[in-house]
Structure formats: structure tokens, C-alpha cells
1. If you scan the range 392-430, which residues turn out to be assigned to a helix (DSSP H, G or I), more than 24 Å from the chain's Cα centre (by Cα) and touching a residue at least 24 places away in the same chain (Cβ under 8 Å)?
2. Asn101 versus (1) at pLDDT 95 or above; (2) surrounded by 16 or more Cβ atoms within 10 Å (Cβ to Cβ); (3) out of contact with any strand residue (DSSP E or B) (no Cβ under 8 Å at 6 or more places or on another chain): which is the lone unmet condition?
3. Could you count how many residues in the range 50-67 are within 14 Å of Gly7 (Cα to Cα) and buried (at least 18 other Cβ atoms within 10 Å of the Cβ)?
4. Out of the residues in the range 118-157 meeting the condition of being small (Gly, Ala, Ser) and either touching a helix residue (DSSP H, G or I) at 6+ places or on another chain (Cβ under 6 Å) or in contact (Cβ under 8 Å) with a residue 60 or more places away in the chain (or both), tell me which one is surrounded by the most Cβ atoms within 10 Å (Cβ to Cβ).
5. Among the residues in the range 21-30, are any buried (at least 23 other Cβ atoms within 10 Å of the Cβ) and not in a loop (DSSP other than H, G, I, E, B)?
6. I'm checking my understanding of the structure. Among residues of the range 365-385 that are touching a residue at least 60 places away in the same chain (Cβ under 8 Å) and more than 18 Å from Trp198 (Cα to Cα), which one is surrounded by the most Cβ atoms within 10 Å (Cβ to Cβ)?
7. Check every one of the helices (runs of 4 or more DSSP H) wholly within the range 127-226 and list those with 2 or more residues that are under 30 Å from Ser75 (Cα atoms).
8. Quick one: count up the residues across the range 82-101 that are touching a Leu at 6+ places or on another chain (Cβ under 7 Å) and assigned to a loop (DSSP other than H, G, I, E, B).
Amino acid sequence: MKLSILGGGGFRVPYVYQALLRDQGSPRIDDVWLYDTDARRLNAMRRTLTRFAADFPDAPALNATTELDEALADSDFVFTALRVGGLTARTCDERVALDLNVLGQETTGPGGLAYGLRTIPVMLDIAHRVRALAPRSYVINFTNPAGMITEAMQTVLGDRVLGICDTPSGLGRRVAAALGLDSSRMELDYVGLNHLGWMRRLCYDGEDLLPRLLADDKLLGGLEEGVVFGREWLRDLGVIPNEYLYYYYFNRDAVRAILDAPQTRGEFLAKQQTAFFDRITDAAQGASVELWRQAVETRSAGYMAEARGVAQDAATAEGAFGADPDGYAGVALGVMAAISRNERATMILNVRNGTTIAALPQDAVVEVPVMVDAGGVHPLTVSPPDLHQTGLMQQVKAVERLTISAAVTGSRTDAVKAFSLHPLVDSVTIGRQLLDGYIRRIPEVASVFDR
């Protein structure tokens, strides 16, 4: 089977490839195509993956191309992990908002809307090309903002597009590990949107472990969610929120911490990635894997540094949330195995709502538990969210849909409404200034409204 990875020069690609190397099922992915518009990054990542493959005589064939159609043709699965505008645009996502004393973050708040505006047209073009060149393929979307992008692509490809985020399943694995339990037997009751959801029950052999978790000071304080939100707030809520809800529940604290930091997350990553690609270009073949591991460790150590009260440059691996090698890659491999080999699996994905959450439109993309098999993706029944959860989801979903409309039609009216109505902006004056600032600073956003 053929897998094409769009954004093949990205840092998470080695995790996916290593998962493929370990997979011994049949049929399996035996043909991997990396696609990227940046030939330098693409070649560097190909060198790294080639080194990983050296210890596996049956490693999937590895190809790299800057031609999208060549990568897509006859694919069985397509991974999308693109960053339109690169890290330069990401730093603008952050700074335009911060200059107005509003949260500047990659996926949450106005920065996520700017990211979506410039990314949706590109992803819709990819969806049309997938439909023409690989109509039987499933698209597994990693591209952020994942829920919004998945919803836009579903207008072309329907349920053959699904979105992945490893945060919900990662919580289940970490709780199971802390309790010495088998994570594969953990049932997770989760409801929400991407980066906006709540874990309401953690069931193991029929017992809900969440009350035990919330009551245990040591266990709760050792989880990254305990660090982010504090034990008291988690107990007040009675649920475990997705860590990105920190930016809603502690918005003023987050904005102040980011403003006080010497650099934003995007600025930190821009420096780090430039250094990595400079080093790997000049390094010997055998050094590529170690350079990648060092870069990933440094990258992970600074993740959500503002929530831990540390500077990104000072962050260390100890206490860091970090990248989970069994996260995105493990979920993605599980999806492919379930579909191609009918290895039925339950996981939390971004999928079409249908009748799962009655308070949201049926064609909205939500993040909920699903069962995946050879017949596709089937959302499981969940109990209704409470009023607080429902209200926040409805408000953010309305904003997402306005953003999609603006990206498709070029409507400034819809874009102004999206920014102004976002709960983390909540001001028409600031909403207009945000849109003007992103148009002025990011050419890919400006092009949406130049048509």
C-alpha cells in the first residue's frame, strides 16, 4: 500500500516512519512518498528516515518529491501536515494578536483563525486533487487548526477525511501508566472540538477512575493537566479539560506570560529549526538521527512553557510535556490498520458530528470517541455535554464556520465576524484590527481577500 505524507519535511515525520518500520501486519504500507515545497527540508528528512530504515531489511520504499500530483497518485492513505506560510507566518499569527494584548497562539484564538484563513484554500485544492488522483484513499489530517481544516476538506471528500490529535488519548495512556494499568483497556469518555474538549470519565474494567484521580494529590499533580490547570480547578470542574483550554480558563495569565517572555513559541522554533537544518546539511549521514533527536527534545521541552511558568530557552526535558512517540504516529497507524486490515479499534478522532452532539450541526466536525474498521469511521454515542461545554463549543464552532466561509469566498464581513465573535477576542474593534493586521503582515492571508 502507498502512503503519501504532505509536509514531508516536518519534524513529526520520523515518528510516523518509525511506526511503519515496526508494523508487521499484512497488508502494510510498503511505499512511502514524502512531499514538501521546501527541497532542503525534504532532503534532510529523507536522509534521517533512510538512516532509521538501515536496520530494517523490509523497510517501506522511500521516495521524496516536490511534485504534489506525483506524491498523491494512487495513494491508499494521505497524511497532511502542512504549514502554509511557514514559521514566518506563525510568528505573525502570534505577534499581530499580542500587539493588541490578545492571545497569540498557533491554533487557539485569533492566531488559529489567521492560520485557518490561509490554509483552507490550499487544503481544499489538495482535497480536489486527492479526489482526482487517489479517489479510494483516506486522508488523515494533522494540519492545524485540525478540526477546521478537516471540516473544510470534508466538503470535497466527505467522511474519507478525519483529523488526528493525540492529546485526549495521551491523557488516557499517562493515567494508565501512573496507575500501572494496561492503557489498551482504558475507555475514555471525551467530548468537544479539537483543542477544546473535556475528559469526563476514565473507565477501566467498568470502573470510572476519574474520581480516584481527582482525589489523589500526587497523581493529579504529576499529570501535565494538573500542572497546567492546578489541582483545585480540576476538582472544581470535575473533569479533565484538554490542555489548550488553559488559554480560555486562564486567558489573562497566558497573555501576560507570553508578552513577558523574551520570544514567542514561533520565534523560538524558527531559530531552532534553522539551526537544525543548517547542521544536518553539513553533517555526516550517520549523525542525522541524533541531530533530529536532540532537536525534538529541545522542541518538546519548551512546549506550553507559559503554562509552567518557565522560559522556553530555560526549559529542560525534566517536567516537560514533550512529544509522545506513541501519539500522532500510533493513532495514525491504528487508523490505517483498522481500515486496511479490519483491525477494529476505538480512538478519539475529529470526525463528522452526525447525531453525536445534538447541540451542533450534523456536518460539523467534532472530537469524540469513534470505532474504526474496514467500513470506515463510526462515532460512538456520548452523553450530552453540560451547558458550559455546549455554549463554548457552539461559540467556537460558529467562529470556525465563519472562518471557513471567509477563506472560501473571500468575504471580509465573515472574517470580521469570526475574529470579533471569538471568545478570546470579544470586541468588534479589536476584531477589525486583527484582520487588518494579518492582511498587512501575512501575504498568504492577504491573498484570500484579493480575489
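The values are calculated or read from the model by the stated rules, or taken from the named source; none is laboratory data. In this text, all values refer to a predicted model and were calculated from it rather than measured experimentally. Cβ coordinates were reconstructed from backbone atoms using ideal geometry, including for glycine residues, and neighbour counts include every protein chain displayed.
1. Hits for the range 392-430 are Arg412, Ile430.
2. Only one criterion is unmet by Asn101, namely (2).
3. Initial filter on the range 50-67 (within 14 Å of Gly7 (Cα to Cα)): 63-67.
Filter once more, so that each one left must be buried (at least 18 other Cβ atoms within 10 Å of the Cβ): 64.
Counting residues in the range 50-67 that are within 14 Å of Gly7 (Cα to Cα) and buried (at least 18 other Cβ atoms within 10 Å of the Cβ) gives 1.
4. Of the range 118-157, the ones small (Gly, Ala, Ser) are 127, 132, 134, 137, 146-147, 152.
Then keep just the ones that are either touching a helix residue (DSSP H, G or I) at 6+ places or on another chain (Cβ under 6 Å) or in contact (Cβ under 8 Å) with a residue 60 or more places away in the chain (or both); that gives 127, 134, 137, 146-147, 152.
Values: Ala127: 23, Ala134: 22, Ser137: 22, Ala146: 24, Gly147: 29, Ala152: 26.
My answer is Gly147.
5. No.
6. Val377
7. Details: elements: 146-157, 167-179, 210-215, 217-222.
Here the list reads 146-157, 167-179.
8. Step one: filter the range 82-101 for residues touching a Leu at 6+ places or on another chain (Cβ under 7 Å), giving 82, 87, 96-98, 100.
Next, only the ones that are assigned to a loop (DSSP other than H, G, I, E, B) stay: 82, 100.
Qualifying residue count, the range 82-101: 2.
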